[in-house]
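Before any comments, here is the structure.
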């Protein structure tokens with residue numbers, strides 16, 4: 001199981017656009033229900049800083065998000081939308097309560 005946090009800040013005039021991309025990813029995930037994926041996105045009170053938490057079991061070297069057309073569209077322009085570029089950090093769980101379990 002790989003767990004990652006990704007944080008970035010979008011340009012002020014691109015925040016709404018970024019949120020729409022994120023929402024489309026979740027619409028596709030609900031339709032397809034990829035196994036082994038837990039994914040959550042948050043935004044901070046500035047409405048420009050986004051945080052994504054990903055917990056995934058990678059099978060055959062393929063992460064479920066990388067198979068998503070809407071996620072590919074989201075990623076395609078992320079660097080142009082950002083004021084602060086995405087930083088991904090792999091996490092090790094020390095403890096959790098009902099966070100990763102069904």
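So residue 8 ticks every box in (1) surrounded by 13 or more Cβ atoms within 10 Å (Cβ to Cβ); (2) at pLDDT 95 or above; (3) not in a strand (DSSP E or B) but one. Which box is left unticked?
That leaves (3) as the condition not met.
Cβ-Cβ distance below 6 Å, separation of 6 or more or different chains: which pairs start in region 69-87 with a residue that is at negative phi and surrounded by 14 or more Cβ atoms within 10 Å (Cβ to Cβ) and end on one that is at pLDDT 95 or above and assigned to a helix (DSSP H, G or I)?
Short answer, once both residue conditions are applied: 70/24; 70/25; 70/28; 71/25; 74/21; 74/25; 81/14; 81/18.
Any idea which residue in region 38-68 is nearest to residue 8 (Cα to Cα), counting only those that are within 15 Å of the chain's Cα centre (by Cα), in a loop (DSSP other than H, G, I, E, B) and modelled with pLDDT of 95 or more?
Going through the qualifying residues, I end up with 48.
Criterion first (more than 13 Å from the chain's Cα centre (by Cα) and at pLDDT below 95) does residue 35 satisfy it?
yes
The values are calculated or read from the model by the stated rules, or taken from the named source; none is laboratory data. Note that the coordinates shown come from a computational prediction; the quantities given were computed from them, not determined experimentally. Every residue, glycine as well, gets a Cβ built from its backbone with ideal geometry; the counts of neighbours run over all protein chains shown.
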